[in-house]
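Since every read-out is calculated from the coordinates, none of them should be taken as a lab result. Keep in mind it's a predicted model, so treat the numbers as computed, not measured. A quick note on method: Cβ atoms are made from the backbone with ideal geometry, for glycine too, and the neighbour counts reach across all protein chains shown.
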Amino acid sequence: MLDGSRTLTGWAAARLDLAPETAAKLTQTARRLVDQPGLAAQLAEGRVSFDRVAEESRLVAAGADPHLMAESRGWDVAGIRRG
């Protein structure tokens with residue numbers, strides 16, 4: 001990176017004033033959303049929270065059925081984490 005950051009996570013932490021673990025969650029989720037455009041669109045439209053998207057995208061990337069994840073919208077984020 002041009003500003004001296006060695007990683008995207010480091011850049012996000014420095015430029016966005018985020019804790020390292022928050023920056024890591026942001027960059028990991030962004031990378032997963034490249035392969036999950038429907039979920040990315042829902043986040044962009046404000047239909048789901050970032051925390052929900054982070055957890056759903058993690059589970060879908062690990063092989064969970066995206067349709068089951070859509071049905072889980074009634075669960076709280078902690079319930080999705082328990083997956």
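Just a few scattered comments:
- The chain: GluC sites (Glu not before Pro) in DSSP loop, at most 16 other beta carbons within 10 Å: E45
- For log10 I(q)/I(0) by the Debye sum over Cα atoms at q = 0.11 Å⁻¹, calculated from these coordinates, the label among (i) -0.51; (ii) -0.32; (iii) -0.27: (ii)
- Charge dipole magnitude, Cβ of K and R +1, D and E -1 - region 13-71, Cα centre, debye nearest 20: 200 debye
- Spin-label model, A44 to W75: label points 7 Å out along the Cα-to-beta-carbon direction sit 2.7 nm apart.
- The charge dipole of region 38-83, taken about its Cα centre with unit charges on the Cβ atoms of Lys, Arg (+1), Asp and Glu (-1) only, comes to about 80 debye.
- Based on Cα contacts under 8 Å between residues 6+ apart, the chain shows a relative contact order of 19 percent.
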